[in-house]
1. Given the conditions (1) modelled with pLDDT of 90 or more; (2) over 15 Å from residue 69 (Cβ atoms), which single one is not true for residue 40?
2. Since residue 97 meets every condition but one in (1) touching a residue at least 40 places away in the same chain (Cβ under 8 Å); (2) buried (at least 22 other Cβ atoms within 10 Å of the Cβ); (3) under 29 Å from residue 195 (Cα atoms), which condition does it not meet?
3. Here are 212, 231, 191: which of them is among the β-branched types (Val, Ile, Thr), surrounded by fewer than 20 Cβ atoms within 10 Å (Cβ to Cβ), at pLDDT 95 or above and not in a helix (DSSP H, G or I)?
4. Taking the condition loosely packed, with under 15 Cβ neighbours inside 10 Å and under 30 Å from residue 52 (Cβ atoms), does residue 178 pass?
5. Starting from region 307-319, keep only residues that are exposed (fewer than 14 other Cβ atoms within 10 Å of the Cβ), then list their pairs with residues that are hydrophobic (A, V, I, L, M, F, W, C) whose Cβ atoms are within a distance under 7 Å, requiring at least 6 positions of separation or different chains.
6. Which members of region 45-75 meet the condition of being in contact with a Lys or Arg (Cβ under 9 Å, 6 or more places away or on another chain), over 11 Å from residue 250 (Cβ atoms) and crowded, with 22+ Cβ neighbours inside 10 Å?
7. List, please: which pairs have Cβ atoms under 6 Å, are six or more places apart or on different chains, and start with a residue in region 68-82 that is closer than 18 Å to residue 275 by Cα and in contact (Cβ under 8 Å) with a residue 24 or more places away in the chain and end with one that is in a helix (DSSP H, G or I) and of a type outside the set (Gly, Ala, Ser)?
8. Anything in region 227-276 that is of a type in the set (S, T, N, Q) and either closer than 25 Å to residue 97 by Cα or touching a residue at least 12 places away in the same chain (Cβ under 8 Å) (or both)? List them, or say none.
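The values are calculated or read from the model by the stated rules, or taken from the named source; none is laboratory data. Worth saying up front: this structure is predicted, and the values here are computed from it rather than measured. In this analysis, Cβ positions are derived from the backbone assuming ideal geometry, glycine residues included, and neighbour counts consider all displayed protein chains.
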Amino acid sequence: MKKFLLFVGMIALSLVLAACGSGEGESSEGNIPDEITIGYFPNINHVAGMVAEEKDLYSETFPDGTTINYQFFPDGSSFMTALAAGEIQGGLVGPGPAMNHFTSGSEVNVIAGGSTGGTVIMARSDADIDSPEDLAGKTFISPRVGCTHDVQFETLMSEVYNLTSDRVGGEMKHVTGEPATYHSMFLSGKVDVATVPEPWAAVIEEEGSGKVLIDTPDVAYGETLPAAVFVTSQDLVENNPELVQSIVDGHKKATDFINDNPEEAKTIAREKIADITGQELSASVIEKAWERIDFTYEVDGNVLQEFADSSYELEFLKEKPNLDGLVNTSFIETELASASK
């Protein structure tokens, strides 16, 4: 009888220990939670997020039963706030917000790239602008002061054409506004030049209110700087690498799908943007924008550092930034090593 009671007690103890080890809210496989949330913006540089959602690609890299949610963001600040609060486990954001929050002390890691390219300098059709040298005394618009596209434009103008903005006592007047409004701003004559992320450059081209002054390859960091990066928290990188690897694996699947199935990816992007924003973009606009963007999960930390240094030299930053520790490519390298076997 004593042996029987001892045996029952051992079983009960083992069940208790198993329950303690599994953790509430986690799946039976490692430390993967039952539910995760991925964030992205409804724009052309974040197509990997749209494709992953539409094709349910994360279900292939997470254990069965894991619920994958998606959250959309209007800007990088709200995205980074959600990441810091644990509302999302990772997602696509512009390199500027990721770098700015990192240098401000936020514990964030760039674990993959999202896309490169897509910035175009457009001139109003009737502004009598034939070359960048004509921009002295003109008004240019960017999404925000010191944003990715602003830094790209001002770096080029200062280094190549010796023109700077009125922010630092220069000859060009600077205003800010949402890229979706640039077409109407051109029509009204309120601005002369715009540093434009796709697909809004293609919209301006199609509507005829502006012309390409400097195309993507000739913009500063035009083909090398990530237009979007995939980020997560350093806490997850350090304490739940299995979760982060599953996220990176799913993001890689989405990126590969885009490159292997561009026409279907374009359709997904067009429909997702319309569904989320209510704005219909023509197939020709998507096609034109696509030509200026490369979708890749690879990321070069040296390029991000060079870009951050330019932000400092243009006086957007008060202190010279050090991005050591921001980029962690180990999860990409692990996935690539597995794929080569």
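1. (2)
2. Only one criterion is unmet by residue 97, namely (1).
3. Working: 231 fails: surrounded by fewer than 20 Cβ atoms within 10 Å (Cβ to Cβ); 191 fails: surrounded by fewer than 20 Cβ atoms within 10 Å (Cβ to Cβ).
Matching residue, one of 212, 231, 191: 212.
4. Answer is yes for this residue.
5. Qualifying pairs under 7 Å: 315/168.
6. 47, 50
7. 70/53; 72/276; 73/79
8. Once the filter is applied, which keeps residues that are of a type in the set (S, T, N, Q) and either closer than 25 Å to residue 97 by Cα or touching a residue at least 12 places away in the same chain (Cβ under 8 Å) (or both), region 227-276 yields 232, 233, 234, 239, 240, 245, 246, 255, 259.
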